1. Could you work out how far apart the two model spin labels at residue 495 and residue 332 are, taking each label as a point 7 Å from the Cα in the direction of the beta carbon, and quote it in nm?
2. If I model a spin label as a point 7 Å beyond the Cα along the Cα-Cβ vector, how far apart are those points for residue 113 and residue 453 in nm?
3. How large is the Kirkwood hydrodynamic radius of the range 232-387, in angstrom, based on all distinct alpha carbon pairs?
4. Can you list the residues of the range 270-288 with backbone N under 20 Å from a point 7 Å past the Cα of residue 520, pointing along Cα to Cβ?
5. Which whole-number percentage describes the relative contact order of the range 446-578, with Cα contacts under 8 Å and a sequence gap of 6 or more?
6. State in Å² the accessible area per residue of the range 232-387; use a 1.4 Å probe, count heavy atoms of protein chains only, and round to the nearest integer.
7. Can you tell me the order of 424-437, 521-534 when each peptide is scored by its average per-residue count of other Cβ atoms within 10 angstrom, highest first?
8. With the crude spin-label approximation of a point 7 Å out along Cα→Cβ, what separation in nm comes out for residue 421 versus residue 439?
Amino acid sequence: MERKDSSSDEDDDRENLIEQNERKLQNHPRSTFHIDDVDGGNREFRSRIRRRLSSLGLLNKKFMFAIFLPLFIVVLFLSTDVRGLFSADLSGVRFDSFSDRLRESELRALFLLRQQQLGLFALWNQTFHDSPPISSNSTNNSSSSSSINSSASGTEQNSVIDDLKFAVLRQLSLNKEIQQVLLSPHRSGNSSSITDAGDPNLGGSDFDTCRKVDQKFSQRRTIEWKPNSNKFLFAICLSGQMSNRLICLEKHMFFAALLNRVLVIPSSKVDYQYNRVLDIDHINKCLGRKVVISFEDFAETKKNHMHINRFICYFSQPQPCYVDDEHIKKLKGLGLTMGKLESAWTEDIKGPNKRTVQDVQSKFSTNDDVIAIGDVFYADVEQEWVMQPGGPLAHKCQTLIEPSRLIMLTAQRFIQTFLGKNFVALHFRRHGFLKFCNAKQPSCFFPIPQAADCITSVVERANAPVIYLSTDAAESETGLLQSLIVLNGKPVPLVKRPARNSAEKWDALLYRHGLEGDSQVEAMLDKTICAMSSVFIGAPGSTFTEDILRLRKDWGSASSCDKYLCQGEEPNFVADNE
């Protein structure tokens, strides 16, 4: 405070001194030219003479100053390098700034040229080494199967061509970026228009790098499912989690159609609550008749006489019908009676044989009212036919087995809230997958940095602003993954379904119908969101992923950019087995 006061006093003193000096300068002319008339005429005469002399002296001073000033400037110019004195500093600032920008742009251009070189080398290797050869399909007993194989081969060739087109467009885009970088230091005024002059038309503006795949539904091979109303096939599915069970149910539907039987959905007391995730009535509406019934409806139809007349096992090993004693007890606990399990043939789940429609019909056709064939998840019957888009059965819908209406609406609301129309969906399976994948050759478990590179390349191609993440990974893994997925200097957000918040209404339907918190409902919701994405990246070897791919094919949402994580690559590091 004292220092502030003393400085204030000094400022005041300085201001006073300045005012006094200004007053003296203002008063001085008045004392020279305005002399009071005291001595009368003499004094006035002397005053006039003094004013003339003063004015003459002032003119002389001005005249002398006007003469000597140019002479002084000429002498100074000749004796001193004035140009060097002033231009050195100014040019130094100007040209140093320009050279810095030029050097920076050159280094950036060199980096981009290196990236282009690597990209062109990768394109060269892919084109001449990795592309699958175009060969004719081997003869097949079924002409339809042959056409399916031919269609698949054609799709694969189109995919290779699309990859090639995208790679070329990417390199052309990179080349244009290099041009822009090199021209940026020279850009001034209207020179920017020069960069666009003579730009060739790439003809790629109408090329959709991730276009929808034409599934050719009109060329499907189908059969009619027209069951006898009093003949039933009792579905039994025990393998794995919900995704495996849905595949098992889909195959059971095919068997029921081949055997002209109504399919009985398992009871929730011995299996999942399928009615919470599937729309059973949807299947019947698509077929235009009652082809599927719940266990409760079956029990009502049979009253107190629920009996499986024949238990004909599709698999004989590792145990008949791939059904354990515990499940048999549960079935009997429902009031079901059954005879002895019998095997139709010798069949092991570890190496199933390829079977035909005729094989199934010859081994499982019977006049008995109710039959069961056990778990058929591993069955290999007309695989190409069963796996075609839309499935093997004739129906008027896109797909028969699909999420319930409540789950479909909730998925749509989530997408509208968080994702928007264009997004990439990623099924990032991690829990328990390390040991599972490392048992395969090659392994399908990728280090997160490598996985991030693969994901980023797909996102770049899809030109999507966000990724929907369906995962069982720990936060430590997803956090690292998020930090590594960067495109054009910006992170691409990974979006997961948040915990319930009453302020958010996208999941209100599930909450109101008591489905919130059900793990199977949440899993089906994840599948549905992924199936509605623009591009999907799946986990190789996961039936969860396979079910999503089935839905995408059936719904027509499958993209030419859909792929498994790091498809075509091997993990850059694999741990030893135990």
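1. Simple spin-label model gives 5.3 nm for this pair.
2. 2.4
3. For the range 232-387, inverting the mean 1/r across all distinct Cα pairs yields 15.8 Å.
4. The answer is 270-284.
5. Relative contact order comes out at 30 percent.
6. Each residue of the range 232-387 exposes 44 Å² on average to a 1.4 Å probe.
7. Ranked from most to least packed, the peptides come out as 521-534, 424-437.
8. Each label point lies 7 Å from its Cα, and together they span 4.5 nm.
The values are calculated or read from the model by the stated rules, or taken from the named source; none is laboratory data. All of these numbers come straight from a predicted model, not from anything done at the bench. All Cβ positions, glycine included, derive from the backbone under ideal geometry; neighbour counts span all protein chains shown. With ligands, DNA and RNA removed, areas are computed over all heavy atoms of the protein, side chains included. Shrake-Rupley method; radii C 1.70, N 1.55, O 1.52, S 1.80 Å.
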